[in-house]
Amino acid sequence: MTRMVQCVKLGKEAEGLERQPYPGELGKRVFENVSKEAWQLWLRQQTMLINEYRLSPVNPKHREMLEQEMEKFFFSGGSSKPEGYVPPSA
């Protein structure tokens, strides 16, 4: 049976994640309040941040920055694009 959540990002009830996507308290909050669809939006945002800022997820400072951006993306009005970011053309 599909688990439904009231998605904080999309503002509607939607299919929830199958498991906690990130460790710790933040991961628990995401699991309880974020839909699969919104998680996919975050993964695109995270990829853009990693590429634009040349981040390494194994670097603790970079991981901390990504956690802060995830918190903002879902729970504090959204994560911003890097200054001067130009999306790739199709």
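The values are calculated or read from the model by the stated rules, or taken from the named source; none is laboratory data. All values derive from a computational prediction rather than experimental measurement. Quick reminder, even Gly has a Cβ in these numbers, built from the backbone with ideal geometry, and neighbours come from all protein chains shown.
Looking at Glu15, Glu52, Glu32, which is the one that is out of contact with any Phe, Trp or Tyr (no Cβ under 9 Å at 6 or more places or on another chain), over 17 Å from Lys72 (Cα atoms), of a type outside the set (A, V, I, L, M, F, W, C) and surrounded by 12 or more Cβ atoms within 10 Å (Cβ to Cβ)? Please lay out each step first, then the result.
Values: Glu52 fails: out of contact with any Phe, Trp or Tyr (no Cβ under 9 Å at 6 or more places or on another chain); Glu32 fails: over 17 Å from Lys72 (Cα atoms).
Being out of contact with any Phe, Trp or Tyr (no Cβ under 9 Å at 6 or more places or on another chain), over 17 Å from Lys72 (Cα atoms), of a type outside the set (A, V, I, L, M, F, W, C) and surrounded by 12 or more Cβ atoms within 10 Å (Cβ to Cβ) holds for just one of Glu15, Glu52, Glu32, which is Glu15.
Suppose we filter Pro60, Pro82 for residues that are at pLDDT below 95 and loosely packed, with under 14 Cβ neighbours inside 10 Å; which single one remains? I'd like the intermediate steps shown before the answer.
Working: Pro60 fails: at pLDDT below 95.
Only one candidate passes the filter, namely Pro82.
Could you check segment 48-90 and list, in sequence order, the residues that are within 18 Å of Glu25 (Cα to Cα) and part of a loop (DSSP other than H, G, I, E, B)?
Residue satisfying the conditions is Ser76 alone.
State all residues of segment 1-46 that are in contact (Cβ under 8 Å) with a residue 40 or more places away in the chain and not in a loop (DSSP other than H, G, I, E, B); if no residue qualifies, say none.
Leu26, Arg29, Val30, Asn33 - these are the residues of segment 1-46 that are in contact (Cβ under 8 Å) with a residue 40 or more places away in the chain and not in a loop (DSSP other than H, G, I, E, B).
Taking interchain pairs and intrachain pairs at least six residues apart, which have beta carbon atoms under 8 angstrom, with the first residue in segment 65-89 and under 14 Å from Val34 (Cβ atoms) and the second among the β-branched types (Val, Ile, Thr) and not in a loop (DSSP other than H, G, I, E, B)?
Met70/Val30; Phe74/Val30
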